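Read the figures in this text as sums done on the coordinates, not as results from a lab. This structure is a prediction, so every number in the text was calculated from the model and none was measured. Heads up, the Cβs are rebuilt from the backbone with ideal geometry, glycines too, and the neighbour counts pull from every protein chain shown.
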Amino acid sequence: MAYFFYQTLVGQILLMLLETLAVLVPLLIGVAYLTLMERKVMAAMQRRRGPNVNGAFGLLQAFADAIKMIVKETVIPAGANRVLFLFAPFLTFSLAMAAWAVIPTGNGLAVANINVGILYLLAMSSLGVYGMLIAGWASNSRYAFLGGLRSAAQMVSYEVSIGLVIVSVLLAVGSLNLNDIVLAQRHIWFCVPMFPMFIVFFISALAETNRAPFDLPEGESELVAGFFVEYSSLAFGLFFLGEYANMILMSSMVSILFLGGWLPPLGIAPLTWIPGPLWLIFKILFCLFVFIWVRATFPRYRYDQLMRLGWKVFLPFSLLWMIGTAGFLMATGLLPHMGGVNS
Amino acid sequence: MMAQLVFYVFAAVLLLSASMVISARNPVHAVLFLILGFFNAAGLFLVAGAEFLAMLLVIVYVGAVAVLFLFVVMMLDIDFSRLREGFQRYAPLGLCIGGVLLAELVMAFSNWRMAPAGVVAPLAVQPGLTNTAALGTVIYTHYVLLFQACGLVLLVAMIGAIVLTLRETATGRRQNIGRQHARTREETLELVNLPLGENVFEQGGFLRPKGSYYEIAVPGSYGAGEPEKTETEEKGA
């Protein structure tokens, strides 16, 4: 059995497929229940009940929504670029799925434990903008186009500060491997010494996933629904799934970079009994809760304020922090040596 | 075998998309083919074992540079018939430039020989390093001056771009957030006492802003410093 999976070509391909499914199936179920969690949590914050008709506590609501979406008619607007119009949601969805290949859910437990894992994540999240840009352009609609342009400018701006925050974390780790990043937090999670960067990263993650209060690309009060105005049925569904999968991805990035990934909080007995993947899921859930909490609490930013926050506040601050981190590590001799993978 | 096959697939798609970049009629399609080209180049880097360069190519070129390309090209309203008009007029110049480039390419390739395998001098770095660390060791030690010179060139380009686009225009209202936060209620609002039965609008309302917008506007922004207009408005209020 082991010989078949590890030595033969067919076995390796089969193993890869199984590993992929083992990540994607829980992810998609997670997305389904994230929509329910969002509605329930927001309802509780606004003193309502939220969905409670389909199944106990509305547990089947997400599936009812999915079936409703699938049976709707796919409308392609006249004058739209058909190929690109259908390609955009597909791209958004597949990029959101592809990024999950490198997320470690336990020590060395990832589909692909690659040397440049964090760069891969950064690359995949920076590609997400194409889905929106192409959707906005191919729809041949003013609202969609404006939404696409907004999202492009917004995501490019906030990627810069995300990149700088990641660099300051990497300075303390000495490796680009996600597994190493988690293992480097054995003694103390990075959210303690780098608390301001944790906040900057979290807010940038909100902007990167187009969540409230930075949901200007889809600002319904001025742009109807932004870049996906013209989408219906499954094409819309793919955008929706991609967006929520990106939220979970960003939450897991926050957990891995700052909250110690799969590591238990203190490393003492009763906490270490809970397996690593569960800890990662708890931390992701915590981040997602804060995502929803922010949405229920804050009003939407104006676009110039959003740009100001990104370029005039976060960028200089994270650059300064990065230089400070490098200086501190150099001065105290704590700079990690060029470590190999998982050393 | 597998690696070679992957190499040929990436290389073929790269060449195909590169040729589509210059032959596509729609500029947006051309940019999208350029992005496909970048992707396949990144794939070739991966096949060669340079995963750091591959990721950097995707992050920098695909994730940032090409987004801005696409951003600009999408906003252009290109009229293709007008684009062809100047073809005959500019053809000689284009041919000249193309000819010079072709001659240079021929000269370069005629003197270029593929090094036999194993002759390529590997850089002297410690074995067992990941290629990110190896690249870092070389760039920040042997080539640190060149690296910093690159940084300076980019800095100059950045300053140039800012100087070209920064314009002090009289239109558009600028926001001074510090100033907004610093104001108090006493400074901004005044309570107007109104005799019973008087028209609200003639008296200026109950709680109105002190002075007009033109007085508190940031100097240089739209509407700032227009005393005559302010006078009339004050009278009307």
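Using only side-chain charges placed at the Cβ, +1 for Lys and Arg and -1 for Asp and Glu, the dipole size of the range A:1-147 relative to its Cα centre rounds to 640 debye.
On C-alpha positions alone, give me the angle between the axis of helix A:233-258 and the longest principal axis of chain A, in degrees, nearest 10. Roughly 20 degrees, rounded to the nearest 10. Distance from the alpha carbon centroid of the range A:4-20 to that of the range A:236-293 works out to 28 angstrom.
Each residue of the protein assembly as shown gets 274 Å³ once the volume of the Cα convex hull is shared out per residue.
The convex hull defined by the C-alpha atoms of the range A:101-218 has an orientation-averaged projected area of 7.9 nm². Positive-end ranking of A:Phe227, A:Phe258, A:Val25 along the dipole of the protein assembly as shown, with charges on Cβ about the Cα centre, is headed by A:Val25.
Note on A:121-128: average number of Cβ atoms from other chains within 10 Å of each residue's Cβ is 5.
Binning the C-alpha pair distances of chain A at 20 Å intervals from 0 yields a P(r) profile of 28, 58, 14, 0 %, listed from the shortest bin outward. Helix A:142-173 versus the longest principal axis of chain A: what angle, 0 to 90°, nearest 10, using Cα atoms? That helix lies at roughly 10 degrees to the long axis.
Spin-label model, B:Leu102 to B:Ala48: label points 7 Å out along the Cα-to-beta-carbon direction sit 2.8 nm apart. A simple spin-label model places pseudo-atoms 7 Å from Cα toward Cβ; at B:Val9 and B:Met75 they are separated by 3.8 nm.
The simple spin-label model puts a point 7 Å past each Cα toward its Cβ; for A:Ala43 and B:Asn111 those points are separated by 7.6 nm. Over the residues of the protein assembly as shown, the helix contribution to mean residue ellipticity at 222 nm works out to -20500 deg cm²/dmol, using -39500 (n - 2.57) for each DSSP H run of at least 4. Angle of helix A:117-138 to the longest C-alpha principal axis of chain A, folded into 0 to 90 degrees and rounded to 10: 10°.
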